[in-house]
1. If A:ARG84 passes every condition in (1) at pLDDT 90 or above; (2) outside any helix (DSSP H, G or I); (3) charged (D, E, K, R) but one, which one does it miss?
2. Which residues, counting only those in the stretch B:123-158, are at pLDDT 90 or above and either farther than 22 Å from B:ALA181 by Cβ or not in a helix (DSSP H, G or I) (or both)?
3. Select from the stretch B:159-174 the residues that are outside any loop (DSSP other than H, G, I, E, B) and not small (Gly, Ala, Ser) and write down the one among them that is surrounded by the fewest Cβ atoms within 10 Å (Cβ to Cβ).
4. Which ones in the stretch A:1-59 are at pLDDT below 90, closer than 19 Å to A:ASP236 by Cα and part of a helix (DSSP H, G or I)?
5. In the stretch A:140-166, how many residues are in contact with a Phe, Trp or Tyr (Cβ under 8 Å, 6 or more places away or on another chain) and either among the charged types (D, E, K, R) or at the interface with chain B (Cβ under 10 Å from one of its Cβ atoms) (or both)?
6. Just a yes or no: is a residue in the stretch A:71-78 outside any helix (DSSP H, G or I), of a type in the set (A, V, I, L, M), over 30 Å from A:VAL259 (Cβ atoms) and in contact with a Leu (Cβ under 8 Å, 6 or more places away or on another chain)?
7. Which of the numbered conditions does A:THR141 fail, given that it passes all the others? Conditions: (1) more than 30 Å from B:GLN103 (Cα to Cα); (2) loosely packed, with under 14 Cβ neighbours inside 10 Å.
8. Identify all residues within the stretch A:167-178 that are surrounded by 23 or more Cβ atoms within 10 Å (Cβ to Cβ) and more than 7 Å from every other protein chain (Cβ to nearest Cβ); write none if there are none.
Amino acid sequence: MDYFVNVTLTGLTQGMIYSAFALALVLIWRSTRIVNFAQGSMAAATTFIALALIQAGQSYWVALIVALLSGFLLGAVVERVIIRPVEGGPELNAVIVTLGLFVAIQALIAIVFGSSFQSFPTPFGVRGFEVGGSTIPLTPTSLYVIGSVLITMALLVALFRFTRIGLAMRASAFSQEVARLLGVKVGGMLTLGWGLAAVVGSLSGLLIAGGGFVYPAYMDSLIVFGFVAAIIGGLDSPVGAIVGGLILGLALSYVNGYVERGSALVSVAALVILIVVLLVRPGGLFSSTTARRA
Amino acid sequence: MGPLAQPTGSQRTHDSAPTSRLELTGINVAFGGVLALTDVSLVVEPGQVHGLIGPNGAGKTTLFNVACGLVRPTSGRIVWRGEEMRRLRPSQLTKLGISRTLQGVGLFPGMTVLENVMVGAHRHGRAGFLSALLALPTSDKDERLLRERAMRALTELNAEKFAGRYPGSLPYPVQKRVALARALVAEPDLLLLDEPASGLAEDEMHELGELIRSVVSRMSVLLVEHHMDLVMRVCDQITVLDSGKQIAAGTPEQVQNDPAVTEAYLGDAVDAEADAAELTHAEGGRTHG
């Protein structure tokens, strides 16, 4: 029983990170109909910025904030400079551009920060809380991960639901032309959307790095998991992305915890889930099938 | 008399400075060598409803799109409020005091009716991105004002009870009213209506006509419409297009009695048969006389 709870909690924690990454993909897909394959290396870049600050003696929290802000800046600049020319064009162009960006940023990280494995700190302990003499499998770090993702999501919901800017961003996502006619500066909203998405992506990158090692390609597996989570949710639905992330996190954690040599099967399991979802419900769990054509 | 009268005369033209006059002069539009519009001119006077009619493919929608910056004319002048618009952009429209509705409805499917209308009132908001993000009190107040303004527009159009619903769950005529509320909430000086009566039943069309007449005290209206009886009832001036050319202009009576108009409608293919029937109907069976 303890083991089950432990595996479940691990799955939820990991799932939260997948959710955040999937949410970053979904935000961009909704507003520009582009799958941002560069999301992973963009997040890796900001994690390395944080690491450089920490190594220079700054606190984890200063590094976190600077990383998130630089994520916003990076996302906005990437949209304005690199994505804008291919927006609204053939889908393949955007795919090639984001794939190229993915490789380029990863190479840039290796040039600037080196390609060796470096340990990334976590602000909280990884030992479980003690309740009544026995250790429960809930750690301060997993609480931090779950809490920070939840807070970020709550802020995003508040922004989209309750502010004029959020309203304009949603309008732009549904129909750029109509939004434009209503006086919405659609271009600015797209830039903002990419910036916010990159912040969420950066957060997931920082969280998955915490207590582990980082190297230029350390986000590669998260790209796969985040993408699968987004597809499970339907690619169009932020709520779907979050639920998709949690489902995937749990599923992979159970595979890892209960299947013999499961740890080697985790990536395969993710792809199996992807294929099953695409076969059974190609629109994802949270979107009407007709909503997605691409 | 002449020299004395002159200053007062010019004074008056200045006073009644075209606050909301739209002048399109000598508009030509070519799509890849095909002339969609040839030398079309029209003036929407302040406080008037100006109708734009013509058989299918006459260029009504193109001219409409010129008026709101979606189509850039090959040549010609667009003067709004006495100023020439050289590079009119769709996103500047509401700031310039121009609202347009779309053929169909064009509501945002994933947003509630109220939110849809709030986007229309967008330009009236004040709070910047930072205060919105940090949920500062200014943003709160800003959001509440938008909400109230949107609610008033919905109430004016008798659609306030649908505020929390999603457009897809509403009957088409209600959606059209919401779309109209979204255009009106920006409090424009010029309202561009693109086939507002399409898909409406007789009594709904009648209501629409009364609504259009009631907003004219606040703004001028340019109306593209197929339903002749509506056009004849609500318009002060009408411009008739056929094959990209202006074939008639004037009051509803003048236009109805213009032989060129009858010919354009009757001469058109099967598509326009219904229009033609309506036109003859609106003429009160003149052909029999």
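The values are calculated or read from the model by the stated rules, or taken from the named source; none is laboratory data. All figures in this text were calculated on a predicted structure; none of them were measured in a lab. A quick note on method: Cβ atoms are made from the backbone with ideal geometry, for glycine too, and the neighbour counts reach across all protein chains shown.
1. Every listed condition holds for A:ARG84 apart from (2).
2. Passing the criteria: none in range.
3. Narrowing the stretch B:159-174 to residues outside any loop (DSSP other than H, G, I, E, B): B:160-162, B:167-169, B:172-174.
Pick out the ones that are also not small (Gly, Ala, Ser) and you get B:160-162, B:167, B:172-174.
Details: B:GLU160: 16, B:LYS161: 11, B:PHE162: 22, B:PRO167: 20, B:TYR172: 14, B:PRO173: 17, B:VAL174: 20.
Of everything passing the filter in the stretch B:159-174, B:LYS161 is surrounded by the fewest Cβ atoms within 10 Å (Cβ to Cβ).
4. Across the stretch A:1-59, the qualifying residues are A:ARG30, A:SER31, A:THR32.
5. Restricting attention to the stretch A:140-166, the residues satisfying the condition of being in contact with a Phe, Trp or Tyr (Cβ under 8 Å, 6 or more places away or on another chain) are A:140-141, A:143-144, A:165-166.
With either among the charged types (D, E, K, R) or at the interface with chain B (Cβ under 10 Å from one of its Cβ atoms) (or both) added as a condition, the list becomes A:165-166.
Going through the stretch A:140-166 one residue at a time, the tally reaches 2.
6. no
7. Exception for A:THR141: condition (2).
8. The answer is A:MET169, A:SER172, A:ALA173.
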